[in-house]
Each structure stands twice: as structure tokens, then as C-alpha cells.
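K.L.:
Structure incoming, see below.
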Amino acid sequence: MVGKSSGGNFFEDFKLGQIITHATPRTVTGGDVALYTALYGSRFAVQSADPFARMIGYRAAPVDDLLVFHIIFGKSVPDISLNAVANLGYANCRFLKPVYPGDTLAATSRVIGLRENSNRRSGIVYVQTTGSNQHGGTVLDYVRWVMVRKRDEASAAPQAAVPQLEARVDPAGLAGAVPPLDRSAYDVALSGAKHFWGDYTAGERIDHVDGMTIEEAEHQMATRLFQNTARVHFNSHAAGESGCRLVYGGHIISLARSLSFNGLANAFHIAAINGGRHVAPSYAGDTVYAWSEVIETAEIPGRGDVGALRLRTLAVKNRTSADFPLMADENSYEEGVVLDLDYWAVLPR
Amino acid sequence: MVGKSSGGNFFEDFKLGQIITHATPRTVTGGDVALYTALYGSRFAVQSADPFARMIGYRAAPVDDLLVFHIIFGKSVPDISLNAVANLGYANCRFLKPVYPGDTLAATSRVIGLRENSNRRSGIVYVQTTGSNQHGGTVLDYVRWVMVRKRDEASAAPQAAVPQLEARVDPAGLAGAVPPLDRSAYDVALSGAKHFWGDYTAGERIDHVDGMTIEEAEHQMATRLFQNTARVHFNSHAAGESGCRLVYGGHIISLARSLSFNGLANAFHIAAINGGRHVAPSYAGDTVYAWSEVIETAEIPGRGDVGALRLRTLAVKNRTSADFPLMADENSYEEGVVLDLDYWAVLPR
Amino acid sequence: MVGKSSGGNFFEDFKLGQIITHATPRTVTGGDVALYTALYGSRFAVQSADPFARMIGYRAAPVDDLLVFHIIFGKSVPDISLNAVANLGYANCRFLKPVYPGDTLAATSRVIGLRENSNRRSGIVYVQTTGSNQHGGTVLDYVRWVMVRKRDEASAAPQAAVPQLEARVDPAGLAGAVPPLDRSAYDVALSGAKHFWGDYTAGERIDHVDGMTIEEAEHQMATRLFQNTARVHFNSHAAGESGCRLVYGGHIISLARSLSFNGLANAFHIAAINGGRHVAPSYAGDTVYAWSEVIETAEIPGRGDVGALRLRTLAVKNRTSADFPLMADENSYEEGVVLDLDYWAVLPR
């Protein structure tokens, strides 16, 4: 705290059950969508073209799920993770309603867990963050846990409370953001592939082939577009001699998702993120490739139109993904792996 | 082909007369227009301001012709040129209807020619690509030919078929995308120049004076905005030791067109592209200048409001264009020339 | 002048009282707003969210004041400062009406002063530039003075005329662009801070804490978005051996303004700019920090809802602003200071 400016919250500032309303609601526009396209080159027809989306049952082309996630996540940064030592994980992320250009997003977080570290210098904060639209409807929620510095090592530790988190979102709750789909109107020439839900099988691996090289201006513009204020992404001066700005982890997720169009062109919606791990940092100059494994296929109760694939998408850098790089041994990843993401995608059946 | 992902078509995959519907229709928005402005700095009043466009007869400010071209072209890349050895040329490109924000563009290509190369390793594919709007109207079409690798040298060669292509689009068909123009409402203070169609003469040369330096983030964002997936533009890792990403040829065309405002401010519409040659590759760090020669002036039958100039615009890099760099000898261009574009522009009379 | 292309005006081309209509009116869209967010990461709730803006009395989220300024300024460049030796200053900049997406901006300048320099090689041109919307309403005006080269040293000098400029805009005229504010609807959780007009006192200093590193692609895209054609920002080839492209001064102002959210979150509107000095040039790679001093607090006659703070915001580069870097001695700034801006911001009372 320097006069009226904020230095963010420290571990002692969080109380179990506390609800934090994050600043700066955001009206999402076609401008945001265009920038998202320019930054990631996404090609899913549902998000790209109003008539395609309308033909199958949407009101208009919905905003890319990850753009919604990044905007909600960005709002939480000044309150939750400005003094983070590390972003440890997220879980139970559910996309609940479509977001359309013109909708306004706002975010709140509830503190659902706290545990001081044994070194007394930091602690782990668990929050459930909720993104809502201008009608008060929840469009997204997720749990996230972060290691946050203490302001003062001598502060008393709170009673430890660690939430139970499911390893995966129950498929029964998926696809709430997908309207009843008119499958007969789903044009596979326009969507770019003829593979539907039933064509994928557990254990199947898909190389997404292409790679994209990251530039400083790109990840900075992306992260600012999301109004994410985490300092490590923008400031080479503060990074010391290396001058290295860390690429926002969500930038890698969006790159991997965009690359995954090649092999998953009809998996047009991310219904849930079960968890994810940023295995290694990425920097400007790195080239990101991606591959996916189908972990599980699931019907969605009451939905004869769509089914869900549980996917594990790995992003790797500075090596191709044709050989499906994964674990080096039980505990560590192969050289080059930067992201291990576990999520549910929805496809037409 | 790696599992369900696509490696693009090879020469053997193309059949004469085949029609390919390209994936991912695209609703063009004010966001795309803003990005186009940020990437090229275009200043033509018709495309910049709704009231200016409406005063002279448009429904609103139309989308820049080249943005439309790049989007349609981008859609064709995954099907036509992913395995291209070289983009050899294009011809007979006609802009037929204005595109407005909110319109949705889709693309199809018809194979109109095939000829295997004598080395049997590749062949030339000629396609006519058509861009249409959400009403099924053709907004753009053009012919393009590409040298594409064969999957297997031993494959049988198709019957050779090479289309006859006109050296220039007939001026009689130009300006279909321009509404009847209210010339009295065309404000030369706002358009930026007082030179109209009748003020230009064949043989006249115009230096466009300024230069723009290309950054990696710029050409990558541009090319992704166009949903163009050609690998050479995005991947420094795959480029090997040089790490050089090739700038999309259309990026150079748009830079040259934007620079050409200085000297051609009232040439607000590209009605047709007769042909173009990417004389040399461009890379980030290159500075692009441009100059134009008026090749021909033409009346457009039935149009007393507008006339056409056939322009040859040369883009050069890392040297100014004040001395009109062109041919070094009969067969080769002067050092620094990167683009030789032959097109019809429309101006008020 | 090279054929039909323009080389810009020289000192001799300006006449006292002359009115210049600048080219290329511009319809501002949500796309421009999204790019502005991506370039600067601004987080003021009023400009970010339609419902927030509507709740307090706006018709919709207004366009950021500085985006309006940059667009109007950009239009004046080709006519006023293409042959500038130096941009010397600006004064009496007043933001008079809100601008909303869909509005069209146009600019004119009146020459209000001329004085040849004693070396006879250049002279100072004073212009009052006015930005208007599609209804002819003035949204912005300001005075700017520039040292412009003479075409010919031998040209006769005009009668010297130097306008009297106020050191500060009278607070009585501020906040014309702010509708009567429904203070009870102004949500401090969403705005990001609880400090209102009455909480600030003259002499108070605020460090804005964060820094942002500038990339070439960012400042080039920004400056082109503003359709600003000043050559020094885009052309590394013309910059000679250094290859250094100068960052548009307005880019620094926007970075500083965006950083100032941390400490001035409720200062949602720039009502006037009293003056500003670009103390030193900035280049890609520089990291910009900012701090502000409250110079004066002022009531606005007839406005019980809002008050004004006269702020002096300093941007510094490649050093933090925690120690409030300012003057080294009476005449020179401390190392690293790049901007000294004096403006009126409006806050709820």
C-alpha cells in the first residue's frame, strides 16, 4: 500500500467464507472477439459465424469459452494473486451459459480454504470464483488455489481448512451452455471435419501438428485485453537481468485450444475444465505445439444431441508433438512440456 | 494425416471440376475493421466513416476490399495450399459486392486446372475461389495457381488442363461493388485529396513516400485475423536455424495499399486485381515503401460517376521508392522489389 | 510534393486565421475500444461496462477520453506536423462531450499563431484543433504548437503572432462531458476503490506502482489505430543506423493514465489537459512507471455530484516511481522522467 494505491492482498487479508467483489465489469464486444481471433487464430465455426451458430440453435455466435474464462480470471488477479508466489491449480471449472457480444461480465470470489505453510512466510488460499452476466446469471465458476505471501511472518495462522475437490466435473452437469442442437443443420463442410462424438474412443491420441511462436507484444496485448494485472507478464525492468516476462498461462491454453482445431474441429465447446498444470514457464520466442488424448467419452443425460469427450491436452514448446511428449518418469514431464490440461469438450453426436 | 488431424491436400487429391467448400464461415465485425486499421493504418474516408460512406450512396462504411480478400483467401489455405511448394500467381480477381460489418463470408473453390510437373514430385493446381455473403451473393472471386507436392511420386498424372486467363479484367465489369455515387456529396477535404479520375494519365508515376517497418507480432496477428493457417508465417521453430517466419504476401499488399493513400486518396475501391507477383520474400524488420504507375485509364460503361485506373503498384523494402525501382533487366527486378501488383482502382470522375 | 503525393505543409504554408479541415473522418467502434484495452489495459469501470455507465447516467460506456484525443490528434498530423522539427506543447485541451461507439469523429484546425525562428530555417505554428462528432457538436478542442521547417530559408517571415494561453483550464468549465451523476448508483466495489474527490488533498503524492514494457508492435499498432502518420514512429529504415523508432508521445500518456488506475480508480474522466511536456523520448524496450501529485482540488460550479482534481502525472522509464522522481534542479528533470502531464480529472464527490 503506497498512499491510495493498492499492493494487493496478503495471506492475512483472506478470511474463510469471505466474498470479494472484483472491480471493473466488462462489456464484451465484437472487438474483443476480433482480437481473440488475431491473437490465437481460432477456427471453430460456431464462434466464428453468426449464421452457423443460429442454424444450430444459438442466438448468435457465442464468445469463445476461454475468452470468457480469461476475462473473469483477469478480474480476480488484483484481489487474489497480486502477491502470489505461485498459482498452484484450478479445478471444477464449469461453463454454464453462453456469452454473446454485448453481454457484461463481472466476477466475485469466495474464500473456501486457507492453510498456512510450515515456513510461516506464505499460505495457500482457495477461492471459488464466479463469473456472471448482466442478468445476474452465472456463466462460469471455478476453484483456484494460490500460494500467497504473508505481510508479516509473525501473524497468527488461521485454522487450516482445505476444500474437497472432485478430480473431474460430473458429465451429468455439462452442456448447460449449449442450446438444444439442431444436428441436421450442423454443416460438416463448414465446421471443417466429419468426426463426431461417436468417432472418438478413449485412449486415442491426436497430434494437432502445427506450432505457433509467441511474441512479447502478443502475450502482453492478450493479457491486457483480459485486464489481467499480474506484473510478471508486462515488466521486463522488474524482471532483473534476465528481463524475462512470463507468458500468462492462459495464453498457452488458448494457443493449444486453437491448434487443437486440427483433429477436434467439431469439439466446439469447452464445457468444463477438470484441472490443469502449467508444467513449465513460457517466454516470447517459444514455439508452442499441442497434442491431445481422449481420456473418457461420456453421454450427457437428457442430451441426445451432444456428447462429451474428456480430453487431456498437452502443450509442448520448441519441439513438435508428433511423438506425443508426456511423462519422463512417474513424477516429471518430458523436456518441453509446458501445459497438461484436463477438460470436457462437447461435440455433436 | 495423423489420426484425425489433417495434413492438407496433396496434388493427387485434386480433381478437375471438383468443388471444395472451405471451413469456418466468418462474420466480419467492426472489431476486424479496427484491427485492420491498427495493422495497416489505412486512411480512405469511405472505409473509415459511416457518414461519409452514406453521403455518397453506401449503406454504411464498407469493409476494406483487401480485408475481404484476405479472409476469403485464408479460408482456402487449409484445403488448397498447405502442401504448396510455391504460390505461383493469381488473376481475374473481381470485387463484386460491398461487404459491411455484420456480413458473414464463406468460401468455395473449384479446381479449374491441373498439370503435373516433369519432375513428377509436384504439380500445379489452378482454382477459382469464390467468396460469398450470408445471402449467397458472390462478393469476390479470383483464380489462383499453386505448385503442390505429390503424396507419392509414383501416382499417375492427371490429364493436363491449363485454363486460359485474361491478362486484365475487362473494365466493363468493374465497380459492381460501388453504388451509384453522389459525386456532389463527395467531400475532397474529408477524402484528403482533390485529384479525381480525370486528373490521372497513363504513364504517370507516383511515389507514396512513406515506409513502414514490419514486426513479427504484426504480421502474425494479421495472418491469424484472416484465419490463414499457412505454417511458414507462424513457426520460427520449424524454420530451422534461420528461424525466419515468412511474412504473408497479402500483408505486403495491404501495407502498399495503405501507403498508396498518399497520392491516390480518392482511389477508394479496388475493383479488380489483374495479377500480382511476390518478387521476393519479406521478413520482420523489413521496411516497406511503395510507388505506383498508372498503366491505363478506363471509363466504365454506364457509369458517369466513377472511372477506373489500372495501376501497377510496386512495394520495395529497405530502400525508398523515390527513384521508382522496377526492373534490373528484362527478366529480373531491381534489388529490394518485393511486390509487383496490377489492379484496377475506382475513383470518382 | 512528389507528383500527386503530399509531403505535408511547411512553415510558409500556414496563414494566421486559416482553417484546415483534416482528412478521414472516423467512426469509432467497439473494435477501437477493444484495441485500446489490449494496448493499455485500462480498467476504469465507466469506460469498460455499459451497465455501470448507464446506472450512473451515461447512455452507454463512453469511449476513453484519450482514445478520442489520439484520433483527433492523428487526423491533424498530415496537415500540421509532418515537417515538424519538434512538438513543443499543448494547452487548453477540453473534453466537452462524451463519445460513444458509433459516433464519427472529424477534426479541423485554425492557425492562431505564427512566429519565425531567428535562424530563419523554421518557425512555430500555433493551432487550435477541434474534434467534432457526426452532429457537429464539439467533443474536444486544444491548442498545440509545433516547430515546422521552412520550405525555403529565403521566404519572407510572417508578422509574428503568439496567442496568450492560460496555464490551466478554469474548473468552472469542466465536466461538460459528464452527465448528472447518480452517485447512489456508483458502486465502489465495481469501480475498484472507495476514494472520492473529498478524500484527496493538494500536495498528496500517489505512486501507481506498476510498470509496463513497450514493444515496437504495440506502439506501431496504437499509432496506426489513431491514423497518425508521423514517420518517426513507423520507419526504422529511415531512422538510419540506430534504427530507433520514436514512440508516439500519446502512447506514454495512455500508459501512464492506465497505470494511474491504481490510486485514482474513481478519477474516471479526464476533463481537461492543462499542458504537458514530453521530457525525453521513449523507445521499444523501455518500461514505463508513473506517479501523480494532486496539485489542486476544485469544486465545479453547479455540480454537487462531481469534483475536479488537478493532477500532475509523471511517467518515468526504466526506474520505479516509488521515490517520486521529478526535478534534478530548477531546469532539468531527474534521469528517467519522460512525461510531465498537468490535467483535470473528474471524480464523484
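The values are calculated or read from the model by the stated rules, or taken from the named source; none is laboratory data. Keep in mind the model is a prediction, meaning the values are calculated, not measured. No Cβ is skipped: glycine too gets one built from the backbone with ideal geometry, and neighbour counts run over all protein chains shown. Please note that ligands, DNA and RNA were not included when accessible areas were found on the heavy atoms of the full protein model with its side chains. Shrake-Rupley method; radii C 1.70, N 1.55, O 1.52, S 1.80 Å.
K.L.:
Would you check if there is a residue in the stretch B:26-40 being open to solvent by 10 Å² or more (accessible area, probe 1.4 Å), more than 10 Å from chain A (Cβ to nearest Cβ), outside any strand (DSSP E or B) and out of contact with any Gly (no Cβ under 9 Å at 6 or more places or on another chain)?
P.N.:
no
K.L.:
Name the residue that is nearest to the other protein chains (Cβ to nearest Cβ), counting only residues in the stretch A:197-209 that are touching a residue at least 40 places away in the same chain (Cβ under 8 Å) and farther than 14 Å from A:Thr313 by Cα. Lay out the reasoning, then the answer.
P.N.:
To start, the set of residues in the stretch A:197-209 that are touching a residue at least 40 places away in the same chain (Cβ under 8 Å) comprises A:197-198, A:200-209.
Adding the requirement that they be farther than 14 Å from A:Thr313 by Cα leaves A:197-198, A:200-201.
On the way: A:Trp197: 12, A:Gly198: 13, A:Tyr200: 8, A:Thr201: 11 Å.
Across the stretch A:197-209, the extreme among qualifying residues is A:Tyr200.
K.L.:
Name the residue that is nearest to B:Gln128 (Cα to Cα), counting only residues in the stretch B:145-168 that are without any contact (Cβ under 8 Å) to a residue 60 or more places away in the chain and not aromatic (Phe, Trp, Tyr). Outline the logic, then answer.
P.N.:
Of all residues in the stretch B:145-168, those without any contact (Cβ under 8 Å) to a residue 60 or more places away in the chain come to B:145, B:153-154, B:156-157, B:160, B:162-164.
Now drop any that are not not aromatic (Phe, Trp, Tyr), which leaves B:153-154, B:156-157, B:160, B:162-164.
Values: B:Glu153: 26, B:Ala154: 27, B:Ala156: 24, B:Ala157: 21, B:Ala160: 17, B:Val162: 12, B:Pro163: 10, B:Gln164: 12 Å.
If we take residues in the stretch B:145-168 being without any contact (Cβ under 8 Å) to a residue 60 or more places away in the chain and not aromatic (Phe, Trp, Tyr), then B:Pro163 is nearest to B:Gln128 (Cα to Cα).
K.L.:
Can you spot a residue in the stretch A:249-258 that is buried (at least 24 other Cβ atoms within 10 Å of the Cβ), at pLDDT 95 or above and part of a loop (DSSP other than H, G, I, E, B)?
P.N.:
no
K.L.:
I'd like the full set of residues that are open to solvent by 30 Å² or more (accessible area, probe 1.4 Å), within 13 Å of chain B (Cβ to nearest Cβ) and of a type outside the set (Val, Ile, Thr), limited to the stretch A:179-195.
P.N.:
Listed by number, the residues that qualify are A:Asp187, A:Ala189, A:Leu190, A:Gly192, A:Lys194, A:His195.
K.L.:
Further question: Hey, any hits in the stretch B:112-124 for a residue that's over 28 Å from C:His219 (Cβ atoms), open to solvent by less than 40 Å² (accessible area, probe 1.4 Å), within 14 Å of chain A (Cβ to nearest Cβ) and of a type outside the set (Val, Ile, Thr)?
P.N.:
Looking for residues that are over 28 Å from C:His219 (Cβ atoms), open to solvent by less than 40 Å² (accessible area, probe 1.4 Å), within 14 Å of chain A (Cβ to nearest Cβ) and of a type outside the set (Val, Ile, Thr), one finds none in the stretch B:112-124, hence no.
K.L.:
Here's another thing I want to ask about it. Filtering the stretch A:9-24 down to residues that are part of a loop (DSSP other than H, G, I, E, B) and open to solvent by less than 10 Å² (accessible area, probe 1.4 Å), which residue is farthest from the other protein chains (Cβ to nearest Cβ)? Walk me through it before giving the result.
P.N.:
Taking the stretch A:9-24 as the starting set, the residues that turn out to be part of a loop (DSSP other than H, G, I, E, B) are A:9-10, A:14-18, A:22-24.
Those left that are additionally open to solvent by less than 10 Å² (accessible area, probe 1.4 Å): A:14, A:22, A:24.
Values: A:Phe14: 17, A:His22: 8, A:Thr24: 5 Å.
Taking the candidates together, the pick is A:Phe14.
K.L.:
Give me a count of the residues in the stretch B:296-324 that are more than 14 Å from every other protein chain (Cβ to nearest Cβ) and either open to solvent by less than 40 Å² (accessible area, probe 1.4 Å) or basic (Lys, Arg) (or both).
P.N.:
Counting residues in the stretch B:296-324 that are more than 14 Å from every other protein chain (Cβ to nearest Cβ) and either open to solvent by less than 40 Å² (accessible area, probe 1.4 Å) or basic (Lys, Arg) (or both) gives 10.
K.L.:
Something else: Restricting to the stretch B:82-97, name every residue that is modelled with pLDDT of 95 or more and either under 24 Å from B:Glu12 (Cα atoms) or surrounded by fewer than 24 Cβ atoms within 10 Å (Cβ to Cβ) (or both).
P.N.:
Quick first cut of the stretch B:82-97, residues modelled with pLDDT of 95 or more only: B:91-97.
If the condition is that a residue be modelled with pLDDT of 95 or more and either under 24 Å from B:Glu12 (Cα atoms) or surrounded by fewer than 24 Cβ atoms within 10 Å (Cβ to Cβ) (or both), then B:Ala91, B:Asn92, B:Arg94, B:Leu96, B:Lys97 are the ones that fit.
K.L.:
I'm trying to understand the selection: among the residues of the stretch A:325-349, which are open to solvent by less than 20 Å² (accessible area, probe 1.4 Å) and within 16 Å of A:Thr201 (Cα to Cα)?
P.N.:
A:Tyr343, A:Trp344, A:Ala345, A:Val346, A:Leu347, A:Pro348
K.L.:
Quick one: is B:Pro78 open to solvent by 10 Å² or more (accessible area, probe 1.4 Å), under 16 Å from the mean Cα position of the chain (by Cα) and in contact (Cβ under 8 Å) with a residue 24 or more places away in the chain? First the steps, then the outcome.
P.N.:
Numbers: open to solvent by 10 Å² or more (accessible area, probe 1.4 Å): yes; under 16 Å from the mean Cα position of the chain (by Cα): no; in contact (Cβ under 8 Å) with a residue 24 or more places away in the chain: yes.
No: the conditions fail for B:Pro78.
K.L.:
With respect to the numbered conditions (1) surrounded by 24 or more Cβ atoms within 10 Å (Cβ to Cβ); (2) within 19 Å of the chain's Cα centre (by Cα); (3) not in a helix (DSSP H, G or I), which one is the sole condition not fulfilled by C:Phe73?
P.N.:
Unmet condition: (3).
K.L.:
Any idea which residue in the stretch C:212-228 is least open to solvent (accessible area, probe 1.4 Å), counting only those that are facing another protein chain (nearest Cβ under 7 Å) and assigned to a loop (DSSP other than H, G, I, E, B)?
P.N.:
Keep residues of the stretch C:212-228 that are facing another protein chain (nearest Cβ under 7 Å), which gives C:212-213, C:215-218, C:220-221, C:224-225, C:227.
So of that shortlist, the ones also assigned to a loop (DSSP other than H, G, I, E, B) come out as C:215, C:227.
Details: C:Glu215: 37, C:Gln227: 10 Å².
Across the stretch C:212-228, the extreme among qualifying residues is C:Gln227.
K.L.:
Taking into account only those residues within the stretch A:274-295 that are among the small types (Gly, Ala, Ser), within 14 Å of chain B (Cβ to nearest Cβ) and on the phi < 0 side of the Ramachandran plot, which is most open to solvent (accessible area, probe 1.4 Å)? Can you show your working first?
P.N.:
The first filter runs over the stretch A:274-295 and keeps only residues among the small types (Gly, Ala, Ser), leaving A:275-276, A:280, A:282, A:284-285, A:290, A:292.
When the remaining residues are screened for being within 14 Å of chain B (Cβ to nearest Cβ), the result is A:282, A:284-285, A:290, A:292.
This time we only want the ones that are on the phi < 0 side of the Ramachandran plot, so: A:282, A:284, A:290, A:292.
Numbers: A:Ser282: 3, A:Ala284: 35, A:Ala290: 0, A:Ser292: 0 Å².
Result: A:Ala284.
K.L.:
What are the residue pairs meeting all of these: first residue in the stretch C:169-187, first residue farther than 21 Å from C:Arg310 by Cβ, second residue open to solvent by 30 Å² or more (accessible area, probe 1.4 Å) and assigned to a loop (DSSP other than H, G, I, E, B), Cβ atoms under 6 Å, and 6 or more apart or on different chains?
P.N.:
Hits for this filter: C:Pro179/C:Gly57; C:Pro180/C:Gly57; C:Asp182/C:Gly57.
K.L.:
Going through the stretch B:43-58 one residue at a time, which ones are in contact with an Asp or Glu (Cβ under 9 Å, 6 or more places away or on another chain), assigned to a loop (DSSP other than H, G, I, E, B) and either among the charged types (D, E, K, R) or buried (at least 24 other Cβ atoms within 10 Å of the Cβ) (or both)? Don't jump to the end; show me each part of the working.
P.N.:
Filtering the stretch B:43-58 down to residues in contact with an Asp or Glu (Cβ under 9 Å, 6 or more places away or on another chain) leaves B:44-45, B:47, B:52, B:55-58.
So of that shortlist, the ones also assigned to a loop (DSSP other than H, G, I, E, B) come out as B:44, B:57-58.
The answer is B:Phe44, and nothing else.
K.L.:
Another question about this same structure. Please verify whether the stretch B:140-150 includes one or more residues that are under 16 Å from the mean Cα position of the chain (by Cα) and of a type in the set (Ser, Thr, Tyr). It would help to see each step written out before you state the result.
P.N.:
So the first thing to find is which residues in the stretch B:140-150 are under 16 Å from the mean Cα position of the chain (by Cα), and the list is B:140-146.
From what's left, of a type in the set (Ser, Thr, Tyr): B:142.
Yes; the residues of the stretch B:140-150 include at least one that is under 16 Å from the mean Cα position of the chain (by Cα) and of a type in the set (Ser, Thr, Tyr).
K.L.:
Hey, among the residues in the stretch C:133-178 that are touching a Ser or Thr at 6+ places or on another chain (Cβ under 9 Å) and open to solvent by 50 Å² or more (accessible area, probe 1.4 Å), which one's nearest to C:Ala84 (Cα to Cα)? Give the steps one after another, and end with the answer.
P.N.:
Going through the stretch C:133-178, the residues touching a Ser or Thr at 6+ places or on another chain (Cβ under 9 Å) turn out to be C:133-134, C:138-144, C:146-150.
This time we only want the ones that are open to solvent by 50 Å² or more (accessible area, probe 1.4 Å), so: C:134, C:149.
On the way: C:Gln134: 30, C:Arg149: 6 Å.
Among those residues, the one meeting the criterion is C:Arg149.
K.L.:
Spot the failing condition for B:Leu190; the list is (1) farther than 23 Å from B:Phe69 by Cβ; (2) at pLDDT 95 or above; (3) not in a helix (DSSP H, G or I), and only one is missed.
P.N.:
Among (1) farther than 23 Å from B:Phe69 by Cβ; (2) at pLDDT 95 or above; (3) not in a helix (DSSP H, G or I), B:Leu190 violates only (3).
K.L.:
Mind counting the residues in the stretch C:41-60 that are at the interface with chain A (Cβ under 7 Å from one of its Cβ atoms) and either on the phi > 0 side of the Ramachandran plot or among the small types (Gly, Ala, Ser) (or both)?
P.N.:
Filtering the stretch C:41-60 down to residues at the interface with chain A (Cβ under 7 Å from one of its Cβ atoms) leaves C:41, C:43, C:45, C:48-52.
Narrowing the set further to residues that are either on the phi > 0 side of the Ramachandran plot or among the small types (Gly, Ala, Ser) (or both) leaves C:41, C:45, C:48-49.
Residues that pass the stated criteria total 4.
K.L.:
Quick check on the stretch C:254-268: of everything there that is polar (S, T, N, Q) and free of Cβ contacts under 8 Å to residues at least 60 places away in the same chain, which residue is nearest to C:Leu190 (Cα to Cα)? Working first, answer last.
P.N.:
Residues of the stretch C:254-268 polar (S, T, N, Q): C:254, C:258, C:260, C:262, C:266.
Now drop any that are not free of Cβ contacts under 8 Å to residues at least 60 places away in the same chain, which leaves C:260, C:262.
Details: C:Ser260: 17, C:Asn262: 14 Å.
Checked the stretch C:254-268; the qualifying residue nearest to C:Leu190 (Cα to Cα) is C:Asn262.
K.L.:
Also: Tell me yes or no: at least one residue of the stretch C:272-280 is closer than 25 Å to C:Pro179 by Cβ and in contact with a His (Cβ under 7 Å, 6 or more places away or on another chain).
P.N.:
no
K.L.:
Scan the stretch A:192-225 residue by residue and report those that are among the hydroxyl-bearing types (Ser, Thr, Tyr) and within 30 Å of B:Glu218 (Cβ to Cβ).
P.N.:
Our first condition is that a residue be among the hydroxyl-bearing types (Ser, Thr, Tyr); within the stretch A:192-225, this holds for A:200-201, A:213, A:223.
Across the stretch A:192-225, the qualifying residues are A:Thr213, A:Thr223.
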